[in-house]
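What follows is one structure encoded as structure tokens, with my remarks underneath.
The values are calculated or read from the model by the stated rules, or taken from the named source; none is laboratory data. In this text the structure is predicted, and so the values were computed from the model without any measurement. For neighbour counting, all protein chains shown are included, and Cβ atoms are generated from backbone atoms with ideal geometry for every residue, glycine included.
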Amino acid sequence: ESQTGNNVSMVDGKQVIEIRAKGGYLPRVSTAKAGIPTTLRVNTTGTFDCSSALRIPSLKVSKNLPANGVTDIDLGSLAAGTLQGNCSMGMYPFQIDVTN
């Protein structure tokens with residue numbers, strides 16, 4: 001599996017970053033644009049490990065994901081930089097590189 005993917009799309013003026021959560025997060029690195037309302041869309045399929053508890057500490061995001069389904073998390077308009085996320089236990093990191 002590719003570590004970075006073309007997993008970011010524009011929908012109705014918002015950018016949607018899609019990742020999968022199960023035994024970690026894929027892709028591990030996503031690239032998004034700064035200054036655009038952003039939604040993180042997390043897909044889970046039979047996810048019972050700690051990656052079902054997603055955290056983005058700098059945005060105070062803390063979300064418990066269902067074992068199966070799609071969860072949209074509103075991240076707002078992001079500033080340029082790198083957002084670090086992980087599971088509740090800190091075992092599975094992911095990041096979003098935000099560019100101008």
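Details
Residue-wise test of (1) surrounded by 19 or more Cβ atoms within 10 Å (Cβ to Cβ); (2) touching a Lys or Arg at 6+ places or on another chain (Cβ under 9 Å); (3) in contact (Cβ under 8 Å) with a residue 12 or more places away in the chain; (4) of a type in the set (A, V, I, L, M, F, W, C).
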position: LYS33; (1), (2), (3), (4): no, no, yes, no
position: PRO37; (1), (2), (3), (4): no, yes, yes, no
position: ASN43; (1), (2), (3), (4): no, yes, yes, no
position: ARG55; (1), (2), (3), (4): no, yes, yes, no
position: GLY76; (1), (2), (3), (4): no, no, yes, no
position: GLY81; (1), (2), (3), (4): no, no, yes, no
position: ASN86; (1), (2), (3), (4): yes, yes, yes, no
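- Residue list for the range 88-100, restricted to those being in a strand (DSSP E or B) and exposed (fewer than 15 other Cβ atoms within 10 Å of the Cβ): PRO93, ASP97, THR99
- Checklist (1) in contact with a strand residue (DSSP E or B) (Cβ under 9 Å, 6 or more places away or on another chain); (2) modelled with pLDDT of 95 or more; (3) not in a strand (DSSP E or B) applied to SER2, failing item: (2)
- The residues of the range 39-56 that are under 10 Å from the mean Cα position of the chain (by Cα) and either of a type outside the set (A, V, I, L, M) or on the phi > 0 side of the Ramachandran plot (or both), listed by number, are THR39, ARG41, ASN43, ARG55.
- Note on the range 14-65: residues that are in a loop (DSSP other than H, G, I, E, B), out of contact with any helix residue (DSSP H, G or I) (no Cβ under 7 Å at 6 or more places or on another chain), of a type in the set (Gly, Ala, Ser) and over 17 Å from GLY76 (Cβ atoms) amount to 1.
- Of all residues making up the range 71-87, the number that are among the hydrophobic types (A, V, I, L, M, F, W, C) and part of a strand (DSSP E or B): 4
- Residue that is surrounded by the fewest Cβ atoms within 10 Å (Cβ to Cβ) [pool: residues in the range 64-74 that are under 14 Å from the mean Cα position of the chain (by Cα) and under 12 Å from ALA21 (Cα atoms)]: ASN64
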